[in-house]
Amino acid sequence: MITNQTTVTIPSQPYDFACDLNKTALVIIDMQNDFCANGGFGEMLGNDITNTKSIIPTIKQVLDQFRAHNLTVVHTREGHEPDLSDCPESKLKRSKRQGAGIGDSGSMGRILIKGEKGHAIVEELTPEPGEIVIDKPGKGAFYQTNLLEELNARGIESLIVTGVTTHVCVHSTVREANDRGFDCLVLEDGTAAFDEDDQQAAIRMFHQQGAIFGWVSHSAKLLEQLK
Ligand code: TIU
């Protein structure tokens, strides 16, 4: 029972991860239509979205448990203002070169623009009232956001990290969190890259050198402790 026993130990790589669930947040990174739905930014960039879409049910299972125990949940969304004032010229230029410019019109509205369908979190993982939603212009969730303040205000010390893509926004966020003193556990089956090689490399990079950025485990091992 989580109210009596808040410290859990989760078998992980490179060794067991221990955290106090009352000081732990589930972080769900960029599970937006633009990365996980057909016709979104990810697909327009030439990627296969099979992997990013496939982790939705796994994240939902973990999210349901965090909700059931009234634990802290953070959702992030990558995106920009309609006038692109928060989009660096360098990012804009590279996206246009790839054939899917940020702000261009796609089948789900303007690409990566706040308020558009593509920018929205996939329906299955829609944030509920009371959950933290962070809009970020960059890859990392701490850059130009109030995420650190939100976590500090709740006494959060550890993060359980899920979402997409593992080698891009998940990695940037975990690296930023690591530098800010958070212990991060990444769920291998709750994260995805478009390409399996990128997924494997990114996962290994988290836990190598004695958990240089954090720990890696599977949703089942976490759920065993939550149910
Ligand atoms: N959320 C996130 O990872 N943004 C990206 O642009 N990822 C890519 O892999 N392109």
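The values are calculated or read from the model by the stated rules, or taken from the named source; none is laboratory data. All of these numbers come straight from a predicted model, not from anything done at the bench. Neighbour counts are summed over all protein chains in view; Cβ atoms, including those assigned to glycine, are modelled from backbone coordinates with ideal geometry.
The table that follows gives values for the structure above.
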| item | result |
| --- | --- |
| Residue within region 18-37 that is on the phi > 0 side of the Ramachandran plot and either at pLDDT below 95 or assigned to a strand (DSSP E or B) (or both) present | no |
| Inter-residue pairs, beta-carbon under 6 Å, first touching a residue at least 12 places away in the same chain (Cβ under 8 Å) and more than 9 Å from the ligand (Cβ to nearest atom) and in region 162-188, second aromatic (Phe, Trp, Tyr) and in a helix (DSSP H, G or I), 6+ apart | Val186/Phe206 |
| Number of positions in region 211-227 that are at pLDDT 95 or above, in a loop (DSSP other than H, G, I, E, B) and within 20 Å of Thr24 (Cβ to Cβ) | 3 |
| Pick from region 153-210, criterion assigned to a strand (DSSP E or B) and out of contact with any helix residue (DSSP H, G or I) (no Cβ under 7 Å at 6 or more places or on another chain), ranking: surrounded by the fewest Cβ atoms within 10 Å (Cβ to Cβ) | Asp183 |
| Among (1) within 16 Å of the ligand (Cβ to nearest atom); (2) more than 26 Å from Phe213 (Cα to Cα) - the single one Asn70 does not satisfy | (1) |
| Test: residue in region 67-75 that is of a type in the set (Val, Ile, Thr), within 23 Å of Arg204 (Cβ to Cβ) and either surrounded by 24 or more Cβ atoms within 10 Å (Cβ to Cβ) or touching a residue at least 12 places away in the same chain (Cβ under 8 Å) (or both) | no |
| Tally of residues being more than 13 Å from the chain's Cα centre (by Cα) and either of a type in the set (Ser, Thr, Tyr) or within 20 Å of His171 (Cα to Cα) (or both) across region 122-144 | 4 |
| Scope region 137-160; condition among the small types (Gly, Ala, Ser), touching a residue at least 60 places away in the same chain (Cβ under 8 Å) and within 16 Å of the ligand (Cβ to nearest atom); matching residues | Gly138, Ala141 |
| Counted residues, region 1-54 - those being touching a helix residue (DSSP H, G or I) at 6+ places or on another chain (Cβ under 6 Å), among the polar types (S, T, N, Q) and more than 16 Å from the ligand (Cβ to nearest atom) | 2 |
